[in-house]
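The values are calculated or read from the model by the stated rules, or taken from the named source; none is laboratory data. Quick caveat: nothing in here was measured; it's all calculated off a predicted structure. Glycine gets a Cβ as well: all are built from the backbone with ideal geometry, and neighbour counts include every protein chain shown.
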Amino acid sequence: MIFGGNRAAEFQMKLAGKPYAEIAAAGGGIRSTVAATSAVKDEVLEKVLANRLERWRANGCTTVEVKSGYGLDPRRELRLLELMGGAAIRVPVRVHRTALLLHALPESFEGKREEYVEEVRTTVLTEIHRRGMAGAIDVFCDPVAFTVEECRAVLTRAIELGFPVKLHAEQMAHFGGAALAAELGARSADHLESAIDEDWKLLADAGTVGVLLPAAALTLRQRLPEAAMIRASGARFAIATDFNPGTAPAQSLMECAALAARLCGFTAEEVLLAVTWNAAKALGAEAEVGHLTPGAWGDAVMWECETLEELPYWMPAVRPDTVFMRGADLALPSVERSVA
């Protein structure tokens, strides 16, 4: 969610049928966002993120995960994590900071993959831990990103330091990321477009939440898993926006939920769980948010519809009438100050 610029021109190239390699050669891809993000002044980037967080809150999200990943270079990744903390103070939203440390190879480490992975595994993780800059560590395990062994090396060290871990897994191809997530007891495995039945069973046994990202799948014209397969596995699944400039410039969680209902075949009840209770589990916040039971924090949304079945039905998505956080109506500035 923290980045500069956009990739609208690149999106048009995708629609015209140009492959990713050609787009990257023309200056597109992750590195183009890295360059744009690096060029934005700190105070501007922080304010942009705060504005995005406010949009999410206004759309009914009281708890939001923000991932880094558009710094790549260790120093720039730390910069993004620090700016997240500043933006979180500006908006009455709970921000879970996740460090996406293996996203793509920085230009400065071209031809030095082993050195980069070791730098992340030792220096970067140690610094993030020392400064308390993130609540979880994520990696991109994929043929276009990093191998299972490279991801295992970083995540194992993260676990030793006490971090919960996550993976981008099985997005472009079946690659072993889901099995690694289960092996390490990861909080979540995101994407899973190429996951098979056995992967979902492994995730279920490990208690790892499978996070579906319909906006990204739609942009890349990929298939999402069928609801029947996920039900049979017994795994818990969540739905998220995957908001990013390259594959998912999606700014509404409920729009993504409506897409998932149609593309996968989920019921209204399953969709509700996927954006509340199961999503909270994917963030390690299941005890506090995602449900209305004694001991929870009293976050609630009143939607502009009369039945549960309408939540995934309307497109554009239903909007909230009122958003409560710890029982307080966040539409009132005076209450916002008391909540803070």
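Structure data summary
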quantity: Residue in the range 35-50 that is in contact with a helix residue (DSSP H, G or I) (Cβ under 6 Å, 6 or more places away or on another chain), at pLDDT below 95 and assigned to a helix (DSSP H, G or I) present; calculated: no
quantity: Among (1) free of Cβ contacts under 8 Å to residues at least 60 places away in the same chain; (2) hydrophobic (A, V, I, L, M, F, W, C); (3) surrounded by 17 or more Cβ atoms within 10 Å (Cβ to Cβ) - the single one residue 136 does not satisfy; calculated: (1)
quantity: Checklist (1) surrounded by fewer than 17 Cβ atoms within 10 Å (Cβ to Cβ); (2) assigned to a helix (DSSP H, G or I) applied to residue 116, failing item; calculated: (1)
quantity: Number of the exception - residue 80 against (1) closer than 21 Å to residue 32 by Cα; (2) over 16 Å from the mean Cα position of the chain (by Cα); (3) part of a helix (DSSP H, G or I); calculated: (2)
quantity: Residue list for the range 204-254, restricted to those being of a type in the set (Ser, Thr, Tyr) and either under 14 Å from the mean Cα position of the chain (by Cα) or more than 14 Å from residue 189 (Cβ to Cβ) (or both); calculated: 219, 241, 247, 252
quantity: Meets criteria (surrounded by fewer than 23 Cβ atoms within 10 Å (Cβ to Cβ) and part of a helix (DSSP H, G or I)) for residue 128; calculated: no
quantity: Residues of the range 143-163 satisfying the condition of being surrounded by 22 or more Cβ atoms within 10 Å (Cβ to Cβ) and either at positive phi or not aromatic (Phe, Trp, Tyr) (or both); calculated: 151, 154, 155, 158
quantity: Residues within the range 265-299 that are among the hydrophobic types (A, V, I, L, M, F, W, C), under 14 Å from residue 61 (Cβ atoms) and crowded, with 20+ Cβ neighbours inside 10 Å, tallied; calculated: 7
quantity: Boolean, residue 60 is in contact (Cβ under 8 Å) with a residue 60 or more places away in the chain, closer than 27 Å to residue 92 by Cβ, assigned to a loop (DSSP other than H, G, I, E, B) and not hydrophobic (A, V, I, L, M, F, W, C); calculated: yes
quantity: Cross-chain or 6+ apart pairs with Cβ under 8 Å, the range 108-120 first and under 18 Å from residue 159 (Cβ atoms), then among the charged types (D, E, K, R) and surrounded by 10 or more Cβ atoms within 10 Å (Cβ to Cβ); calculated: 117/150
